[in-house]
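The next block holds one structure in the form of structure tokens; read it before the comments.
The values are calculated or read from the model by the stated rules, or taken from the named source; none is laboratory data. Computed from a prediction, not measured in an experiment: that's the story for all the values here. Counting neighbours? That spans all protein chains shown, and the Cβs are built from the backbone with ideal geometry, glycine included. To get the accessible areas, we keep the full protein, side chains included, count just its heavy atoms, and leave off ligands, DNA and RNA. Shrake-Rupley method; radii C 1.70, N 1.55, O 1.52, S 1.80 Å.
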Amino acid sequence: MSIFERYAPFIRDYIYRSGWENLRGVQVAAADAIFNTDEHLLLCASTASGKTEAAFFPILTEFYENPPSSVGALYIAPLKALINDQFSRLNELCREAEIPVWHWHGDVSQSHKAKLLRRPSGILQITPESLEALLLHKHSAVAGLFGDLRYVVIDEIHSLLRGDRGGQTLCLVERLSRLAGVEPRRIGLSATIGDPAAAGQFLAAGTHRQTVIPAVKEKGTRWRLSMEHFYIQGPQASEEKTQRSPSGKAATDPERETANPAQEATDPAPQGADPGIGYIFEHSRAKKCLIFVNSREECEAITTTLRHYCEIKGEPDRFLIHHGNLSASFRESAEDAMKDDSRLFSTVTTATLELGIDIGRLERAFQLDAPFTVSSFLQRMGRTGRRGQPPEMWFVMREDPPEARAMLPTTVPWKLLQGIGLVQSYLEERWVEPPKTDRLPFSLLYHQTMATLASCGELSPAALAQRVLTLPYFYRISADDYRVLLRHLLQIDHLQRTETGGLIVGLAGERVVNSFKFYAVFQENEEYTVRSESEELGTVCLPPPAGEKIAIAGKVWLVEEVDRKRHLVYCTEVRGNVPAYFGECPGDINTKILERMCRALREDTIYPYLLPNAHARLSHARHTARLSGVGEKALISLGGDMYCLFPWLGTYAFFAMERFLKLRCADQLQLKGLDSARPYFIQFRMKASPEEFFHVIRQEAAKEFDPMELVYPGEVPVFEKYDEFLPAALVQKGFAYGVLDKEGLLRRIASWFDPRSDFYQKL
């Protein structure tokens, strides 16, 4: 029997009505795995390849033939917008078969949720945070709701593989399964999985099943890709107001991209305007586009600027905005407007429209400056290219013009190189960031401990440990570390011991658990007031810890103290650049990308997607690099006792390098004034010679040392949401063993002395 014939009649009718001539490879592979095995399934296929239908056609066939007595399939998605989109698609498919589709998140009405509780059935679509709330507040109803749960479908699973939110999702699925007494099969969906085998292990963690990962053969992807460069201000900017854009001709395959430029007439941007924003304004006219930026603050600023352009030119406002801090009505109205093919709006957005949502006939995506991961680049470009058209992405790289006396490292076009590094890593090797599953997630451990006690009530310490520490995501956390955590939580009144020796949530813990913010394990964008002595400078969201830098009021400041209770940041003014932040925030760049950026400086390759300004800027950067030795030498003299180190390391190995220099080498080399532009370069003054520098580096790297030795004395690096409630020793341990990449640091140092390495130092 063919896969098509195996489908339920209503699904075959749907396929006929949709005009499909045949099933796609991913749909055949998924159906074969679901119908003919009892294993989990990971579907890795390109954007708009039909992964959702591939997973649900067989599931709905089973439900049609043998209806579940409770919710039969749980669909977990990272974004409300994605759930709303899939809710409409699945409802259309399931209506004829009378299979209910429910959705549950903060914007869904209580009456809709109440109907599900009265008649649990069909498919439930939910975010991780709403599932946490459901397990917490409907604990006694879980067995009835999910007693016949057969499948858990996790959409865009790649977005959950590198931080606490993915760990929380895994914990929630395991907790639900234990409460309901079920062992549902798990199905992961993604277009951008860097290491499918590791992702398959993550998906199957804690179960007795393996994960089937079918090799899906797909046709070569055709892209329209361009990258242009602009100076933000100064005389160079005025020369860049009229630019060239890529032609409509699509490349036959990403590896043979030919994006030849062709002239397009443009109107000049408003006087004094940022030419990069003017470029987007002109080339989004009469088109439906997405304009991706890397932060919510930038999203607001760019939208305001583009709308101001409309006022100046006497045009109707054609720009929408979409990010996570907006109300549900604003987000949904933007989504509805984008789905209406008759309305040519462009939407400025963050990652909230990056994942999975089909918002109609999008003609073009813009990316303002470089994203931080290959995965984000592919996902954002993949929002376009539906309805038979190739995906289309226009990178718009901006840079302040170099000052007359600017020193070498600040004259390198880092954003342009980063964009090239991302694109080339994928074109040449199909490389995407691998999962990061070796963390020490103590913040999530606190969260799951409090959630378990709040939902279950009193438990003995042994019973609590049995429920929490056996969750598969905590495999690296020892019983000794858990005892340290519990003792600390008793001391700060987040836990309380009963007369019988059991544990319950304490008074201070209740204030945390009873807040609606408790359900999420990621940081909310709460504003902190920034002060320097008695002067108030403004506000920031998610301030970095003490010792890091922030930019506000047009200057750079060193964070001296963060008062999280009163939401105050105390700082002093310093010179230098603001390094990229890290964690799940923008700034988490892989070493692979930095190495490809280095190659881009060293090689003579002409990348066909670079438009004139970008090509000229890269050529100039390569010329400067050859004269100075950047790309060939790790350590460059800036004159006198000033030096600059280019380690070409990703964020977490770069952290380790900074600390290695300061804590293990500074005294011997007489290093002073270390100043990092993370993760690109480190400047410092040094009395030693370059030969002595590398001798000491090699000598210290050869010694055995514990990653804890890379934590600064007295430092408590609070980064994750609940770190502030942890004992200092666990925060330090989690940072040293779960964040700092000691091995990446040591590999780079070894490469400096390996003649076969691209980074070998010719001293």
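In percent, rounded to a whole number, the relative contact order of the chain is 11, using alpha-carbon pairs under 8 Å and six or more apart.
Given +1 at the Cβ of Lys and Arg, -1 at the Cβ of Asp and Glu and no other charges, the dipole of the stretch 285-341 around its Cα centre is 200 debye to the nearest 20.
Might you report the magnitude of the Cβ-based charge dipole of the stretch 22-155 about its Cα centre, with Lys and Arg at +1 and Asp and Glu at -1, to the nearest 20 debye?
Working: 11 positive and 15 negative charges, 91 e Å.
So the dipole magnitude of the stretch 22-155 works out to roughly 440 debye.
Accessible area per residue for the chain in Å², computed with a 1.4 Å probe and the full protein assembly in place, what is it?
That works out to 41 Å² per residue.
Since only 348, 479, 621 are under comparison, the one whose Cα sits farthest along the positive direction of the charge dipole of the chain, derived from C-beta charges on Lys, Arg, Asp and Glu, is 621. Projecting label points 7 angstrom from Cα along Cα→Cβ for residue 687 and residue 753 puts them 2.4 nm apart. Each pair of Cα atoms in the stretch 651-717 enters the Kirkwood radius, and Stokes-Einstein at 10 °C and 1.306 mPa s then converts it into a translational diffusion coefficient of 126 µm²/s. Only protein atoms count toward the accessible area here, which uses a 1.4 Å probe; on the chain, the carbon and sulfur part of that area reaches 49 percent. For the pair the stretch 361-430 / the stretch 74-104, the C-alpha centres are spaced 33 Å from each other. The ellipsoid equivalent to the alpha-carbon distribution of the stretch 19-177 has semi-axes of 24, 19, 15 angstrom, derived from the gyration tensor eigenvalues as √(5λ) and listed largest first. If R0 is taken as 60 Å, the Cβ-Cβ distance between residue 21 and residue 539 corresponds to a FRET efficiency of 0.60.
Mind listing which trypsin sites (Lys or Arg not before Pro) in the stretch 397-488 are in a DSSP loop and have 12 or fewer other Cβ atoms within 10 Å? Those satisfying the criteria are 405, 430.
Between residue 712 and residue 510, the simple label model (points 7 Å from Cα in the Cβ direction) yields a spacing of 3.9 nm. Across the stretch 533-575, Cα pairs under 8 Å and at least six residues apart give a relative contact order of 32 percent.
Which of the trypsin sites (Lys or Arg not before Pro) found in the stretch 673-719 are in a DSSP loop and have at most 12 neighbouring Cβ atoms, other than their own, within 10 Å?
When the trypsin sites (Lys or Arg not before Pro) of the stretch 673-719 are filtered for loop state and at most 12 Cβ neighbours within 10 Å, 687, 703 remain.
Placing one identical point scatterer on every Cα of the stretch 155-199 and ignoring solvent, what is log10 I(q)/I(0) from the Debye formula at q = 0.13, 0.17, 0.26 Å⁻¹? Log10 of I(q)/I(0), two decimals: -0.32, -0.53, -1.00.
If R0 equals 45 Å, the separation of the Cβ atoms of residue 572 and residue 313 corresponds to a calculated FRET efficiency of about 0.55. For the pair the stretch 1-72 / the stretch 496-545, the C-alpha centres are spaced 44 Å from each other. All C-alpha pair distances within the stretch 649-763, sorted into 10 Å bins from zero, spread as 13, 42, 33, 10, 2 percent across the bins. Straight Cα distances below 21 angstrom link residue 762 to the lysines 633, 687, with same-chain residues fewer than 8 positions distant left out. Distances between every pair of Cα atoms in the stretch 575-696, grouped in 10 Å steps from 0 to the bin holding the largest one, split as 12, 38, 36, 12, 2 percent. When the alpha carbon gyration tensor of the chain is reduced to an equivalent ellipsoid, the three semi-axes, largest first, read 42, 35, 25 Å.
When the stretch 94-242 is described by a simple charge dipole with +1 on each Lys and Arg Cβ and -1 on each Asp and Glu Cβ, the residue from 206, 177, 191 located farthest towards its positive end is 177. In straight-distance terms, cross-link reach from residue 592 covers every one of the lysines whose alpha-carbon lies under 17 Å from its own, apart from those fewer than eight places away in the same chain; here that gives 415, 436, 742. Report the Stokes-Einstein translational diffusion coefficient (µm² s⁻¹, integer) for the stretch 463-535, Rh taken as the Kirkwood radius over Cα pairs, at 25 °C with viscosity 0.890 mPa s. Translational D for this selection: 163 µm²/s. Taking only Cα atoms of the stretch 372-516, what ratio of Rg to Rh do you get with Rh as the Kirkwood inverse-distance radius? Using Cα coordinates only, the ratio equals 1.24. Once label points are set 7 Å from the Cα along Cα→Cβ at both residue 517 and residue 2, what is their separation, rounded to one decimal in nm? The answer from the label model is 5.7 nm. Spatial offset of the stretch 306-328 relative to the stretch 170-229 amounts to 36 Å, using the alpha carbon center of each. With +1 on each Lys and Arg Cβ and -1 on each Asp and Glu Cβ, and nothing else charged, work out how big the dipole of the chain is about its Cα centre, in Debye to the nearest 20. That gives a dipole near 800 debye.
Mind grabbing the base-10 log of I(q)/I(0) for the stretch 1-110 at q = 0.17, 0.21, 0.22, 0.24 Å⁻¹? Debye formula, identical points on the C-alpha positions, no solvent, two decimal places. Relative scattering, expressed as log10 I(q)/I(0), comes to -0.89, -1.36, -1.48, -1.67.
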